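Here's the structure, in C-alpha cells; my notes come after.
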C-alpha cells in the first residue's frame with residue numbers, strides 16, 4: 001500500500017465546506033508492501049455490513065424506500081426524496097442483509113412489505129415509476145421540467161430488485177408468499193412496449209404533460225441493457241427482438257474494434273471510445289443480470305465488463321494526469337459526487353478523459369466480480385484510511401488525495417452496487433435469484449441470448 005495515511009491537518013477541525021472534509025496529501029506515489037490490518041474475508045464483511053446501513057438505518061422514514069442521498073452533516077437534506085432505482089438496489093441489499101445475519105427474516109419481510117405498499121400506491125406512468133418520488137405521499141418529484149413522468153431506466157433498476165424479492169420469498173411462509181406475489185404483480189404492471197413510442201427502440205421518459213418530448217433513446221453501450229431484457233421478459237407488455245436489435249445494439253454497430261492496454265473494448269462506449277465510460281455502466285444492469293457467459297448475437301458481456309474494469313484500473317495505474325496516490329491501491333472512476341472549484345459538492349461522471357482527480361470507492365468495490373484482486377487492494381486502501389473515508393453508512397461517496405478532500409455524503413445508486421456486487425462475487429446470490437426467474441429466461445431466449453443457467 002502507499003506510504004501515507006490520511007489524517008486531519010493540525011491547527012483546525014479538519015472541516016472544509018459543508019459536506020466535505022479535508023485531508024492532507026502526499027507527494028510519495030511509490031507503493032510499499034505491508035501486511036493488511038484486516039483479512040480479506042473480514043474486510044468484505046465490514047464493507048457489506050456498514051454499507052447496508054444506508055438502506056436500513058437511513059431509509060426514508062415513511063416509505064422505508066431508499067433516499068436519493070444522505071448527508072450525515074445535514075441529515076434533513078432531501079430527507080423525503082426517494083429514488084426508484086436506488087430503492088431497487090435497496091431491495092436486493094435487504095436480501096443480502098438476511099443472508100449475512102444483519103437483520104432477521106421477519107424484520108426484512110416487515111420492511112419490504114412497507115416498501116412494496118408504498119410502490120403500489122405511488123404515481124405510475126403506464127406502469128413505470130418516476131425517477132424521484134415523494135416518500136411522504138408517493139407523488140412524483142420532477143427530476144427536471146419535462147422529466148415529471150415515467151423513467152424507464154430507473155424503473156428497470158427497481159424491477160431487478162422486485163424480481164429478486166419474488167424469487168427469494170416465493171416458497172416461504174404464507175406472509176412471504178404474499179410479499180412475493182405483490183413484487184411479481186408490481187413489475188408485471190410496467191407497460192414496457194408503451195415506451196417504444198411505436199418505434200423499434202425504447203425511450204427513457206414519458207410524461208403526461210410532455211409526452212416523449214425528451215426523446216432520449218436507449219442505445220448501448222452504457223447502463224441501459226437491463227430495460228431491454230425486462231421488456232422482452234414481460235408477459236403482457238413485451239417488445240419484439242427487432243426493438244432490441246435496432247435500439248440497444250444499433251443493428252450490430254454497438255461493436256467496437258478499439259483496444260486500450262491490449263484489452264479490447266468490444267463495444268462502443270458512447271463518448272468514451274478510447275478508454276470506456278464511467279464504471280457504473282458495468283454495474284447497474286448486472287446486479288441481477290449475470291454477465292458471466294451472457295452473450296447476444298454481437299458480444300459477450302462478461303468480457304465487455306471485465307475489460308472495462310481492467311482498462312479503468314490500468315488508466316489509474318498509468319496516471320497520465322499525475323494525480324496524487326493514483327495507482328494499484330487507489331483507483332476507480334465513475335459517476336459520483338465531485339469537488340467543485342470552490343470546494344463544494346457537485347456531481348460528475350468521472351472516467352478516463354474526464355478525470356478530475358476524484359476517486360469513487362464504489363467504482364473499485366462494485367467491480368469486484370471483474371477485478372477481484374485489484375478491488376480487494378483498493379478496499380484495503382480505503383479501510384486503511386477509514387478514519388477519514390468510512391462514515392455511518394459505509395465508505396463515503398468520493399475523495400481526492402490530490403485536493404485533500406472527502407465528500408462526507410452518500411448516494412443510493414453508489415452504495416447499492418457495493419453490497420450487491422460483493423455478494424455476487426462471494427455467493428452469486430442476486431445473480432442466482434434473478435436468472436432463475438422463468439420470465440427472465442423467456443425474455444433472454446426471445447432476444448437470442450446465451451447465458452448461464
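Restricting attention to the stretch 76-90, which residues are surrounded by fewer than 24 Cβ atoms within 10 Å (Cβ to Cβ) and either farther than 13 Å from residue 411 by Cα or within 13 Å of the chain's Cα centre (by Cα) (or both)? Reasoning before the result, please.
The first filter runs over the stretch 76-90 and keeps only residues surrounded by fewer than 24 Cβ atoms within 10 Å (Cβ to Cβ), leaving 76-81.
Those that are surrounded by fewer than 24 Cβ atoms within 10 Å (Cβ to Cβ) and either farther than 13 Å from residue 411 by Cα or within 13 Å of the chain's Cα centre (by Cα) (or both): 76, 80.
Just give me the residues in the stretch 177-200 being within 16 Å of residue 128 (Cβ to Cβ) and over 23 Å from the mean Cα position of the chain (by Cα), in sequence order.
Residues satisfying the conditions are 185, 189, 191, 193, 194, 196, 197.
Scan the stretch 134-173 for residues that are more than 18 Å from residue 234 (Cα to Cα), crowded, with 24+ Cβ neighbours inside 10 Å and out of contact with any helix residue (DSSP H, G or I) (no Cβ under 6 Å at 6 or more places or on another chain) and jot them down.
135, 149, listed by residue number.
Based on this model, can you work out whether residue 123 counts as modelled with pLDDT of 95 or more, over 21 Å from residue 182 (Cβ atoms) and surrounded by 17 or more Cβ atoms within 10 Å (Cβ to Cβ)?
no
Being over 19 Å from the mean Cα position of the chain (by Cα), surrounded by 17 or more Cβ atoms within 10 Å (Cβ to Cβ), assigned to a helix (DSSP H, G or I) and modelled with pLDDT of 95 or more: is that true of residue 94 here?
Details: over 19 Å from the mean Cα position of the chain (by Cα): no; surrounded by 17 or more Cβ atoms within 10 Å (Cβ to Cβ): yes; assigned to a helix (DSSP H, G or I): yes; modelled with pLDDT of 95 or more: yes.
The answer is no for residue 94.
Hey, does the stretch 23-41 have a residue that's part of a strand (DSSP E or B) and either farther than 21 Å from residue 136 by Cβ or modelled with pLDDT under 95 (or both)? Show your work before the answer.
Here is the first cut: in the stretch 23-41, the residues part of a strand (DSSP E or B) are 31.
Pick out the ones that are also either farther than 21 Å from residue 136 by Cβ or modelled with pLDDT under 95 (or both) and you get 31.
Yes, some residue in the stretch 23-41 is part of a strand (DSSP E or B) and either farther than 21 Å from residue 136 by Cβ or modelled with pLDDT under 95 (or both).
Residues in the stretch 361-385 that are within 20 Å of the chain's Cα centre (by Cα), in contact (Cβ under 8 Å) with a residue 24 or more places away in the chain and over 20 Å from residue 290 (Cβ atoms): how many?
The total comes to 7.
From the list 329, 307, which residue is farther than 30 Å from residue 447 by Cβ, buried (at least 19 other Cβ atoms within 10 Å of the Cβ), touching a residue at least 12 places away in the same chain (Cβ under 8 Å) and in contact with a strand residue (DSSP E or B) (Cβ under 7 Å, 6 or more places away or on another chain)? Give the derivation first.
Working: 307 fails: farther than 30 Å from residue 447 by Cβ.
It is 329.
Of all residues being surrounded by fewer than 20 Cβ atoms within 10 Å (Cβ to Cβ) and touching a residue at least 40 places away in the same chain (Cβ under 8 Å) in the stretch 332-343, which is farthest from residue 403 (Cα to Cα)? Just the residue, please. Talk me through it step by step, then tell me what you get.
First pass over the stretch 332-343, keeping only residues surrounded by fewer than 20 Cβ atoms within 10 Å (Cβ to Cβ): 340-343.
Restricting the remaining residues to those that are touching a residue at least 40 places away in the same chain (Cβ under 8 Å) gives 342-343.
On the way: 342: 11, 343: 9 Å.
For the stretch 332-343, the residue satisfying everything is 342.
Among the listed residues 322, 290, 251, which satisfies the condition of being over 21 Å from the mean Cα position of the chain (by Cα), in a loop (DSSP other than H, G, I, E, B) and at pLDDT 95 or above?
On the way: 290 fails: over 21 Å from the mean Cα position of the chain (by Cα); 251 fails: in a loop (DSSP other than H, G, I, E, B).
322 is the lone residue from the list that is over 21 Å from the mean Cα position of the chain (by Cα), in a loop (DSSP other than H, G, I, E, B) and at pLDDT 95 or above.
Can you tell me which residue within the stretch 228-246, out of those that are touching a helix residue (DSSP H, G or I) at 6+ places or on another chain (Cβ under 7 Å) and farther than 17 Å from residue 127 by Cα, is surrounded by the most Cβ atoms within 10 Å (Cβ to Cβ)?
So the first thing to find is which residues in the stretch 228-246 are touching a helix residue (DSSP H, G or I) at 6+ places or on another chain (Cβ under 7 Å), and the list is 228-239, 241, 243-245.
Of the ones still in play, those that are also farther than 17 Å from residue 127 by Cα are 241, 243-245.
Working: 241: 15, 243: 23, 244: 27, 245: 21.
Filtering first and then ranking leaves 244.
Can you tell which of 388, 441, 415 is assigned to a helix (DSSP H, G or I), in contact (Cβ under 8 Å) with a residue 12 or more places away in the chain and within 21 Å of the chain's Cα centre (by Cα)? Give the derivation first.
Values: 388 fails: within 21 Å of the chain's Cα centre (by Cα); 441 fails: within 21 Å of the chain's Cα centre (by Cα).
The match here is 415.
The values are calculated or read from the model by the stated rules, or taken from the named source; none is laboratory data. Every value quoted in this text rests on a predicted model; they were computed, and no experiment measured them. A quick note on method: Cβ atoms are made from the backbone with ideal geometry, for glycine too, and the neighbour counts reach across all protein chains shown.
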